[in-house]
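Step one of this worksheet: look at the structure below.
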Amino acid sequence: MEIRGKIVSIHGNSAEVCIILENKACGSCSTCPKKMGIQDMVQVAVVEGVQVGQEVVLRSNKNWFTKNTWIIIVITFVLGLIIIETISMVISFGAYRKNIDILGASIVTVIVSIIVWLKRPQYLFRIELTKRGKT
């Protein structure tokens, strides 16, 4: 999905972009007739060299891991079961407990879920292509 926009303001490491329908933007973003809808202002990560008033092309910032979080959690649980079961077969702890593999798989699943949650993108869109704006 490709969205065109115009940078309205830059603060720190984020930029506020006005999403427009066409490649050309008018002077005032709040009264622009070419806006896509209600959510016309989007926060994106700043790339080096962008300026206020510059036209940019935005792309979705989601990767495979953030789109398929539930699949990753199920795969992690199954792999956790297999790993804990093989470890309990190799290393003898004196008594065999049936539910220890489910507990171990749950702990591994929680750890991987936290890592996936921490690594999610901060912004929904990223600047893919920039064009010189009117300065």
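Here are the numbers for the structure shown:
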| quantity | calculated |
| --- | --- |
| Sequence-distant residues sharing a close amide H with Ser14 (under 5 Å, placed H) | Val46 |
| Approximate spin-label separation Ile107-Val90, in nm, with each point projected 7 Å along Cα-to-Cβ | 1.6 |
| Using θ = phi - 60° and Karplus 6.51 cos²θ - 1.76 cosθ + 1.60, couplings along region 75-92 (whole Hz; Gly, Pro as x) | 4, 5, 5, 5, 5, x, 4, 5, 5, 5, 5, 5, 5, 5, 6, 6, 9, 8 |
| Two-site FRET efficiency, Ile82 against Val52, from Cβ-Cβ distance with R₀ of 35 Å, rounded to 0.05 | 0.05 |
| Accessible solvent surface per residue of region 62-117, calculated while the other protein chains remain in place, 1.4 angstrom probe, Å² | 79 |
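The values are calculated or read from the model by the stated rules, or taken from the named source; none is laboratory data. Not measured: the values here are computed from a predicted model. Don't worry about glycine lacking a Cβ; one is built from the backbone with ideal geometry, like all the others, and counts go over all protein chains shown. When the accessible area is computed, the model is the full protein with side chains, heavy atoms only, and any ligands, DNA or RNA have been set aside. Shrake-Rupley method; radii C 1.70, N 1.55, O 1.52, S 1.80 Å.
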